[in-house]
Amino acid sequence: MRKIFANAAVREFIRIVLAVSIALLLGLIVTLLVSEDPWGAYKAFLLGPLSKFNRFGDWIEESITLIFVGLSVAIVFKAKQFSLAAEGQLILGALVSGSVILFVPIESAFLRITVAVLAAAAVGFIWGVIPGYLKAYLDANEIVSTLMLNAIALKMYDYFLTYHIKPEGAGYTASDFLPKAYQVPSFMPKFAGNLYEMFSKQTNITHFLYIMIAACVIGWFLMYRTPFGYELRMIGANIKFARYGGINTKQVIVLAFAISGIFAGLAGAHLAQGIHNKLILNISMGLGFEGIVVATMARNNPLFVPLSGLAYGYLRAGADIMERSSDMSREMVLVVQALIILLVSAEGILPVIQQRVNLNNGKGDGVGTAAVPEGGSDVIQ
Amino acid sequence: MSFNNILQSIFSALFVASVLRISTPIILPALGGLVSDLSGAINIALEGTMLVAAFTGVVVSAYTESVLLGVIAGILSGLLVAAILGVFHLHLKTDIILAGIAINIMATGGTIFLLYVLTGDKGNSSSLASGSMPFIDIPLIKDIPFLGTAFSGHNILVYVSFLLTWLLAVFLYRTRLGVHLRAVGENAEAAASVGINVLLVRWIALLMSGFFASLGGLNMSMAYLTLFQRDMTAGRGFIALAAVYLGGRKPWGVLIAAIIFGAFDALSNQLGSLDVAPQLVQVIPYVATIVALVVYNIRQKAVALERMRSFQEHELTAQQAVGD
């Protein structure tokens, strides 16, 4: 027993599960206080996404976006660079990928879709280089610069959508639907017959699912199996030490911002090409910040991002269903979400839990071990 | 409407008045951002603090039918939010940025949630009869043609924001605690080594920050408008953070930067009738902030280099003096 708890990863997992449970429990208490039918409402919240096939689809679609954004945040946060740029990168990614599908006359559907996705990744990369360069070479606060770049990206999106992309005379501010022939196909191959029919009719789960899985593996490989990833983690652990050890910290920081932008750009492409199949106003609504929750729960490890993305997407989808089927409003989940961030990221809570675990195992040296700084699990593996 | 008309409307007293009105909810949180930034903690939670205060002010003033109680409750709620941030950041060692983001999310969700519970409406609080803070006519000035329209008859918080800027400048540069606060922000270890209670100073800075932000929020819901709307702060807390840097981290500079943001906002409203996309005007202050950030940091670097050089020269001459 004690051996299991001695493993840092297991302790970390328990901590996150505890944090999520506490947050959900508080959500339940709030529901009990407010709702006329609290059990019905909470059941819709917790089980809703599995109750119907199309709801299951909504959950997975939303999670794919969240996982892309979570990956983006994880990479840059791993280097302890608090870039909030994902929001802007995502918006521009959506703008560019949607525009390519709508306006670039490439005959082959495969090529046009590929170009659109790559363009989204590229624009995310560029929108990451700017704050990265400002941070690394000029020491400009990345939070302020990325917030400004987000605002600029949003205004650019609104401007192009309103004045150039919106079809003439349309009464609403949105683009045309992407042409059917150039939409990303369902993730189920055609030869799957019935399954293909089911998934392609009722859900929008597309080939982006495969891109997402590849992105997670690439993200993990980059972070844990390449020199760049090692340097990135060193900088996150102790930047002065990293510099002293001969790492070109400036270059690595710029790259971290830029690579993180690629994933956020892909999230934007998924919004435009996978979920909405057109460009609409307010396409993001703060998804960039949601990515921070996903990355925090995954402890900035790309392999855990899919888990936390699915878990968090589940909460969000459940909240939507709860709102539709009960008197509770979906904003309750925002409170739950905030509590999760606070509880998971409060490193001061860790020693307390660790101490308890050790004491429960009847070991006198528990207090001693607890005093060893764990660095909030951000230990270099 | 021609370009001349636009120019005319910009140089009118009404435009100046609208700039002042629009700037105030940026000035107040910007002062809060300045205090915490100078103490070494960047307060991302300004936005959420404003929302909570704006909401609390409206609800309490509606239920107690007292504007004063609403304002007091609003300020207390802002201080409470700052205290939550303080507990998590200073005692539980949460990263202040993550804690700030969490608080913003909680404020957005919590205010909409409670609004729905109290009024059954998720959009705004128009069904609550909430109060408004007093508007002040300045004697003498109100009768002068241009100045009267521009500077008199504003909400009390417009004047309070200028007064607070001055008070904050005095506090930061003329009082012991202010100097300590800046020292902690500059180098916490050095400050601790000369006996400054770093934790206490940081707590004070965060609470002050919450106080300023809550005034900004109250300005939104009990002066600028007289109701609460979901997400009514609309990013002003973040713009306030930018104003801190655009203003070179000095009280009067921050005030001017906030007014610049307000002026561009007012300008983009005016341009609606001209053939210019409002987005293109609204984007200017954001670009300007990035430029200001770059210029500020280049200057800081130059200053640091200069200091290092003069220090080395000083050491060298001292060594030579000993050698002789």
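Restricting the stretch A:1-58 to residues that are open to solvent by less than 80 Å² (accessible area, probe 1.4 Å) and assigned to a loop (DSSP other than H, G, I, E, B), the residue that is modelled with the lowest pLDDT is A:N7.
None of A:F221, A:F199 is aromatic (F, W, Y) and modelled with pLDDT under 85 except A:F199.
Residues in the stretch A:172-196 that are out of contact with any strand residue (DSSP E or B) (no Cβ under 9 Å at 6 or more places or on another chain), modelled with pLDDT under 75 and part of a loop (DSSP other than H, G, I, E, B): how many? Number of matching residues: 3.
Is it true that A:F221 is in a helix (DSSP H, G or I), more than 19 Å from the chain's Cα centre (by Cα), among the aromatic types (F, W, Y) and surrounded by fewer than 20 Cβ atoms within 10 Å (Cβ to Cβ)? I'd like the intermediate steps shown before the answer.
Values: in a helix (DSSP H, G or I): yes; more than 19 Å from the chain's Cα centre (by Cα): no; among the aromatic types (F, W, Y): yes; surrounded by fewer than 20 Cβ atoms within 10 Å (Cβ to Cβ): yes.
Answer is no for this residue.
I'd like to know if the stretch B:244-252 contains one or more residues that are more than 14 Å from chain A (Cβ to nearest Cβ) and within 23 Å of B:L79 (Cβ to Cβ).
The first filter runs over the stretch B:244-252 and keeps only residues more than 14 Å from chain A (Cβ to nearest Cβ), leaving B:250-252.
Going one step further and asking which of them are within 23 Å of B:L79 (Cβ to Cβ), we end up with B:251.
Scanning the stretch B:244-252, I find at least one residue that is more than 14 Å from chain A (Cβ to nearest Cβ) and within 23 Å of B:L79 (Cβ to Cβ), so the answer is yes.
Residues in the stretch B:181-197 that are β-branched (V, I, T) and exposed (fewer than 15 other Cβ atoms within 10 Å of the Cβ): B:V194 alone. Pairs meeting the criteria (first residue in the stretch B:240-268 and under 26 Å from B:L181 (Cα atoms) and free of Cβ contacts under 8 Å to residues at least 12 places away in the same chain, second residue open to solvent by less than 40 Å² (accessible area, probe 1.4 Å) and not in a helix (DSSP H, G or I), beta carbons under 6 Å, at least 6 apart or on different chains) are B:G253/B:G247. For A:N282, the requirement of being over 14 Å from the mean Cα position of the chain (by Cα) and on the phi > 0 side of the Ramachandran plot is met. Across the stretch A:224-262, the qualifying residues are those that are among the hydroxyl-bearing types (S, T, Y) and part of a helix (DSSP H, G or I), and the one among them that is farthest from A:N150 (Cα to Cα) is A:Y244.
Any residue at all in the stretch A:295-317 that is closer than 30 Å to A:V100 by Cβ, assigned to a loop (DSSP other than H, G, I, E, B) and not hydroxyl-bearing (S, T, Y)?
Looking only at the stretch A:295-317, we keep the residues that are closer than 30 Å to A:V100 by Cβ, and these are A:295, A:302, A:305-306, A:309-310, A:312-313, A:316-317.
Adding the requirement that they be assigned to a loop (DSSP other than H, G, I, E, B) leaves A:302.
From what's left, not hydroxyl-bearing (S, T, Y): A:302.
Yes; the residues of the stretch A:295-317 include at least one that is closer than 30 Å to A:V100 by Cβ, assigned to a loop (DSSP other than H, G, I, E, B) and not hydroxyl-bearing (S, T, Y).
Within the stretch B:25-40, which residues are out of contact with any Pro (no Cβ under 8 Å at 6 or more places or on another chain) and either surrounded by 24 or more Cβ atoms within 10 Å (Cβ to Cβ) or of a type in the set (V, I, T) (or both)? Can you show your working first?
So the first thing to find is which residues in the stretch B:25-40 are out of contact with any Pro (no Cβ under 8 Å at 6 or more places or on another chain), and the list is B:25-30, B:32-33, B:35-40.
Matches in the stretch B:25-40: B:P25, B:I26, B:I27, B:L28, B:P29, B:A30, B:G32, B:G33, B:V35, B:S36, B:S39.
Before we move on, is A:F125 open to solvent by 10 Å² or more (accessible area, probe 1.4 Å), more than 14 Å from every other protein chain (Cβ to nearest Cβ) and either outside any helix (DSSP H, G or I) or over 15 Å from A:F263 (Cβ atoms) (or both)? When the stated conditions are applied, A:F125 does not pass them. Could you tell me whether any residue of the stretch B:96-112 is away from every other protein chain (no Cβ under 14 Å) and within 23 Å of B:G70 (Cα to Cα)? For the stretch B:96-112, residues away from every other protein chain (no Cβ under 14 Å) and within 23 Å of B:G70 (Cα to Cα): absent.
Of the residues A:L195, A:L178, A:L147, A:L209, which is within 14 Å of chain B (Cβ to nearest Cβ) and out of contact with any Gly (no Cβ under 6 Å at 6 or more places or on another chain)? Full working, then the answer.
Values: A:L195 fails: within 14 Å of chain B (Cβ to nearest Cβ); A:L178 fails: within 14 Å of chain B (Cβ to nearest Cβ); A:L209 fails: within 14 Å of chain B (Cβ to nearest Cβ).
Of the residues listed, the single one that is within 14 Å of chain B (Cβ to nearest Cβ) and out of contact with any Gly (no Cβ under 6 Å at 6 or more places or on another chain) is A:L147.
Yes or no, residue by residue, for (1) part of a helix (DSSP H, G or I); (2) out of contact with any helix residue (DSSP H, G or I) (no Cβ under 6 Å at 6 or more places or on another chain); (3) modelled with pLDDT of 95 or more; (4) open to solvent by less than 10 Å² (accessible area, probe 1.4 Å):
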site: B:S23; (1), (2), (3), (4): yes, no, no, yes
site: B:I44; (1), (2), (3), (4): no, no, no, yes
site: B:E47; (1), (2), (3), (4): yes, no, no, no
site: B:F55; (1), (2), (3), (4): yes, no, no, no
site: B:V60; (1), (2), (3), (4): yes, no, no, no
site: B:Y63; (1), (2), (3), (4): yes, yes, no, no
site: B:G70; (1), (2), (3), (4): yes, no, no, yes
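For the stretch B:62-79, the criterion of being within 9 Å of chain A (Cβ to nearest Cβ) and among the hydroxyl-bearing types (S, T, Y) is satisfied by no residue at all.
If the condition is being open to solvent by less than 10 Å² (accessible area, probe 1.4 Å) and either in contact (Cβ under 8 Å) with a residue 40 or more places away in the chain or closer than 11 Å to B:A45 by Cβ (or both), then the stretch B:86-96 contributes only B:G86.
Filtering B:L164, B:L200 for residues that are open to solvent by 70 Å² or more (accessible area, probe 1.4 Å) and under 15 Å from B:V35 (Cβ atoms) leaves a single hit, B:L200. The residue that is nearest to A:A319 (Cα to Cα), among those in the stretch B:137-161 that are at pLDDT below 85, assigned to a helix (DSSP H, G or I) and open to solvent by less than 20 Å² (accessible area, probe 1.4 Å), is B:A150.
Taken over the stretch B:115-136, the criterion of being touching a residue at least 24 places away in the same chain (Cβ under 8 Å), surrounded by fewer than 19 Cβ atoms within 10 Å (Cβ to Cβ) and in a helix (DSSP H, G or I) is satisfied by B:L118 alone. Taking the criterion of being open to solvent by less than 60 Å² (accessible area, probe 1.4 Å) and small (G, A, S), the residues of the stretch B:264-301 that qualify are B:A266, B:S268, B:G272, B:A277, B:A288, B:A292. Listed conditions (1) more than 17 Å from the chain's Cα centre (by Cα); (2) open to solvent by 20 Å² or more (accessible area, probe 1.4 Å); (3) closer than 24 Å to B:A213 by Cα are all met by B:G178, apart from (2).
Going through the stretch A:241-259 one residue at a time, which ones are hydroxyl-bearing (S, T, Y) and touching a Gly at 6+ places or on another chain (Cβ under 6 Å)?
Filtering the stretch A:241-259 down to residues hydroxyl-bearing (S, T, Y) leaves A:244, A:249.
Scanning the stretch A:241-259 gives no hits.
The values are calculated or read from the model by the stated rules, or taken from the named source; none is laboratory data. Every value quoted in this text rests on a predicted model; they were computed, and no experiment measured them. FYI the Cβ positions are ideal-geometry reconstructions off the backbone, even for glycines, and counts take in every protein chain you see. These area figures cover heavy atoms from the full protein model, side chains too; ligands, DNA and RNA do not enter into them. Shrake-Rupley method; radii C 1.70, N 1.55, O 1.52, S 1.80 Å.
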